[in-house]
Amino acid sequence: MGKKKLLALFACALLAATMVLAGCSSGPSVADEGAADVAGTYLCESVYMDGEEASGYSDKLILEENGKGVCVYEDEEFDLRWELNGTAIAWSDESGDKFKGTVDFENGTISGVYSIDFAEGEHGELDYVFKKVQ
């Protein structure tokens, strides 16, 4: 194989590798337009489990524009990674629990279902409404 062909092949391989790496991201996809509007601190407005309202929850949610955040659940902090697609929001926290819901930009709320594995080995789905305070 000639040097020109080898150099061309190497250039193509390098270009392909660059494109693959550029397509990979270190975090979730966050829509630039909505990320700034969603970022902030939210307090738990209501929680329902199995159709029954759960009382005494003081959970807090902190979302940063970069797709990172923290959920404070029963006084324990869990780092999370969130993504936004239009009004659909989803996140996974460090313990593997997942949230899928909807952002209401006009009212400053996030509502959806948090699928949680409890310490006792039980699984639960909590219907949350978070209200933005900052």
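Computed from the coordinates by the stated procedures, all read-outs in this text should not be read as laboratory data. Since this is a predicted model, take the numbers as computed values, not measurements. When we count neighbours, we look across all protein chains shown, and the Cβ atoms used for this are built from the backbone with ideal geometry, even at glycine.
Below, the figures for the structure above:
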{"quantity": "Sites Ala88 and Glu120 - FRET efficiency at Förster radius 22 Å, r taken between beta-carbons, to 0.05", "calculated": "0.10"}
{"quantity": "Cut-off 11 Å between beta-carbons: net charge of the residues surrounding Ser92, Lys and Arg +1, Asp and Glu -1", "calculated": "-2"}
{"quantity": "Spacing of the two label points (7 Å from each Cα toward its C-beta) at Glu64 and Val113, in nm", "calculated": "3.0"}
{"quantity": "Ranking of Lys100, Lys68 by count of other Cβ atoms within 10 Å, fewest first", "calculated": "Lys100, Lys68"}
